[in-house]
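Accompanying notes for the structure given below.
The values are calculated or read from the model by the stated rules, or taken from the named source; none is laboratory data. Note that the structure is predicted; figures quoted are calculated from it, not measured. All Cβ positions, even for glycine, are placed from backbone atoms using ideal geometry, and neighbour counts span all protein chains on display. Heads up: the accessible areas ignore ligands, DNA and RNA and are worked out on the full protein's heavy atoms, side chains in. Shrake-Rupley method; radii C 1.70, N 1.55, O 1.52, S 1.80 Å.
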Amino acid sequence: MRDRVTIEGVDVSPDHFIGGRRVASAETFETRCPFDWDRKLADVSRGDAATAALAVEAATAAFPGWAATGAAERGAVLHRLADLIEANIARLAIIECMDMAMLHESLRLRVIARGALNFRNYADIAAGYTERTWSSRGTANRVIRMPAGPAVIITPWNAPFMLSTWKCAPALAAGNTVILKPAEWSPLSASLLADLIEQAGFPPGVFNIVQGFGRDLGMALVSDPRVKRISFTGSVPTARVIGKAAAENIVPFTAELGGKSPLLVFADADIDAAAKKAAGQYDDSGQVCMAGTRIIVEDSVREPFLEKFNAYADAHVMGDSRDPATTMSALIHPDHAARVLGFIDRARAAGDTIARGGYAAGGNFIAPTLIVPRSNASEVVQNEVFGPVLTFQTFAGEEEGIALANSTAYGLSGIIYTGNAVRAERIGRAVRGGTVWVNTFLVRDLTAPFGGIGISGIGREGGDYALDFHSDLKTLQILEGSVG
Ligand code: ADP
């Protein structure tokens, strides 16, 4: 076990959490502060195949006991974890802020609490589940939901706490044991979560957290035949690799991948609200899978929209994410910033117009960038950038607007601005995406299904959908009148 490190007054373990105790690896990897890259935060234990085997062993051993526990009893532990998260919002918020650069205000006021709600919500949904029963063809039919086994949850570096809690809660509520592997660029909030798991009273081995890289630790986890569910959020190329491992073991797999979502603005919309929301997407430097990165505006409101959009974009303040005056965070890592700048450079070289920004702004920052593509086929329109880079296109008439909106291989979400109720319904149905918002963005009910169409993913999370994924469903049929 390594010594805990103190970051902004909060002590964090740099080790794994397996079978209810801290486990160190001989090798480590560094995690640094995105907005102050010279500042190393911790040397974190770097897990390998042996770490994966140990974690799967712990989760496998703990599974029968946890699965046999009733949903209400499991729910009580999940509620205790939610209580502990709420009591530790300040600690979790500052660690996530330092490790990932998400704005501290937003973490402190909303995001961490949402993590607690994920556990509460699933405790309640699982406890409220009633088996479906009906009579047909002379038999009594019943659908039984059975825990599936150890689940591997792999999460990305953006929104690490929110996504980890969102993905682990249904697995645990369904009666599965969990091995969470957070991303190597933002591992620390998960390590704080492990402290709370210990305090909440989970039996050892029910909820394990391992730290390390995808290509060795992650690969070993998803390839282990004792694992019965794999739930992944990350990039399309990684989903292909994990999907192959899942196929090898015939293990159900969900993947929530990227997006290239349209933000469609009709002339009858509240243009100021639309422009504000569009420019607001720069706040986390565009590192959000659901972002409406393709702004598509009706011709007749092009000028007023751009005027307002530029005013909101100009008002952004890049800087230290702890500072409440900062409105735009740094990119997570210099390698990622270089990748984003590569998109901008290629767009410029190919003849797209850089309408604003388009340059590195010191450290891991890139100025808020708007690109007017030379054609809809431009790389920057078709591929996810995951940075503060939005594209701007215009349309004449609904048909063209919908055609542009639906013109990529992705289909995670869509955002529509219109003041017309009939149009809201019509366009809402026509836009391709797992979630489509009208006149709002990112507001999500935790019981609604969430996931992607096309290369944006496989499967749905949220509400009962995730509980079904984490369960083996059985139909039990008893011949009526045959038993007394
Ligand atoms: P991003 O582009 O968001 O970093 P990745 O798909 O590379 O997306 O990473 C998302 C998560 O997947 C991270 O936790 C990473 O470590 C993990 N990962 C990457 N490659 C693999 C792999 N081959 N097997 C399992 N997990 C992986």
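General remarks:
- Among (1) within 16 Å of the ligand (Cβ to nearest atom); (2) more than 25 Å from residue 271 (Cβ to Cβ), the one test that residue 349 misses: (1)
- Any hit, the stretch 298-313, residues being in a helix (DSSP H, G or I), surrounded by 16 or more Cβ atoms within 10 Å (Cβ to Cβ) and among the β-branched types (Val, Ile, Thr): yes
- Condition check for residue 206: open to solvent by less than 10 Å² (accessible area, probe 1.4 Å), more than 14 Å from the ligand (Cβ to nearest atom), under 25 Å from residue 16 (Cα atoms) and among the β-branched types (Val, Ile, Thr): yes
- Residues located in the stretch 229-276, provided they are buried (at least 17 other Cβ atoms within 10 Å of the Cβ), closer than 30 Å to residue 401 by Cβ, more than 13 Å from the ligand (Cβ to nearest atom) and not aliphatic (A, V, I, L, M): 260, 261, 262, 266
- Flag if residue 169 is at pLDDT 95 or above, open to solvent by less than 30 Å² (accessible area, probe 1.4 Å), aliphatic (A, V, I, L, M) and within 11 Å of the ligand (Cβ to nearest atom): no
- Residue satisfying all of: in the stretch 380-401; within 22 Å of residue 304 (Cβ to Cβ) and of a type in the set (A, V, I, L, M); most open to solvent (accessible area, probe 1.4 Å) among these: 396
- Scanning the stretch 178-191 turns up at least one residue that is open to solvent by 30 Å² or more (accessible area, probe 1.4 Å), closer than 19 Å to residue 332 by Cβ, of a type in the set (A, V, I, L, M, F, W, C) and within 16 Å of the ligand (Cβ to nearest atom).
- The residue that is farthest from the ligand (Cβ to nearest atom), counting only those in the stretch 152-165 that are in contact with a Ser or Thr (Cβ under 9 Å, 6 or more places away or on another chain) and not in a loop (DSSP other than H, G, I, E, B), is 161.
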